[in-house]
Amino acid sequence: MPQLILNGADGTKAGDDGPINAKPATAGNGADGMVGNWFDNGTDGGDGGQGVNSATVVNNGKNGEDGKNGSGALIIVQNLERIDVIGHGGAGASGGLGRTPGGDAGNGGNGGKATGFGRGGNGGNGGTGGMGAQGGPGGKGGDGSRLEIRYRALTVGAVVTWDLAPGRGGAGGIGAFGGAGGTGGLGGSGGPYSFGANGNPGSPGTDRTNRRNDGNRGADGQYGTANVQYVP
């Protein structure tokens, strides 16, 4: 069977990688709570600062190249012809790497202690680690071919088969790791008299040191079309 190949070319250029920038400075710690006087409670510690996100337009990897569409063609089929047409779209290229890590978060401040009958202050919450730079999105896959098929003086045996599948999207680029979350502050101690309670410790912030901010896979292309006409 004759074979007509109309595949689109794959995208070959991966997205440019993002720059390697220094990790942002660690965010500030929360302030410690104030000591309570006699009947007063100790005040709560402040929350730790949030880690700096390195996921920005400047730091992220760039898009991979799109795959090319399959070619279009006009096919005129005469008696007793059999033709197999392959017209896939090209695959998208992968996105670039994100390489700048996210900043570490600050720790929560300690709760203030009570000196008399009061309750100790609660510890501050640790900050959330910043997100690392994101990998670039993969390139879009190309669309399948577009065919115009005309059968003339049709008899048994005049057949065209076609496979017009879309190209697959490229893989998203690998992103940089995020920053460490801050630790929660300690709860302040309760007063020594009566039943002064200790404060609660603060919650640790979200740790992103083992989380990559990968780019999204590119979208697949669309299936190609075949318009079939019977011409006497």
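Report every pair of residues separated by at least 6 positions or lying on different chains whose Cβ atoms are under 8 Å apart, first residue within region 205-219 and more than 12 Å from GLY129 (Cα to Cα), second at pLDDT below 95. Hits for this filter: ASN213/ALA55.
Let me confirm something: among VAL228, VAL160, which residue is β-branched (Val, Ile, Thr), open to solvent by less than 20 Å² (accessible area, probe 1.4 Å) and modelled with pLDDT under 95? First the steps, then the outcome.
On the way: VAL228 fails: open to solvent by less than 20 Å² (accessible area, probe 1.4 Å).
Just a single option satisfies the conditions, and that option is VAL160.
Of all the listed residues (GLY170, GLY182, GLY187, GLY202), the sole one being touching a Lys or Arg at 6+ places or on another chain (Cβ under 8 Å) and either part of a loop (DSSP other than H, G, I, E, B) or free of Cβ contacts under 8 Å to residues at least 24 places away in the same chain (or both) is GLY170. For region 55-82, a residue qualifies if it is closer than 29 Å to ALA219 by Cβ and touching a strand residue (DSSP E or B) at 6+ places or on another chain (Cβ under 6 Å), and the qualifying residues are GLY72, ALA73, LEU74, ILE75.
The values are calculated or read from the model by the stated rules, or taken from the named source; none is laboratory data. Predicted, not measured: the structure shown is a model, and the values here were computed from it. Please note: Cβ atoms are built from the backbone with ideal geometry, for glycine as well, and neighbour counts cover all protein chains shown. Ligands, DNA and RNA are excluded from the accessible area calculation, which covers all protein heavy atoms including side chains. Shrake-Rupley method; radii C 1.70, N 1.55, O 1.52, S 1.80 Å.
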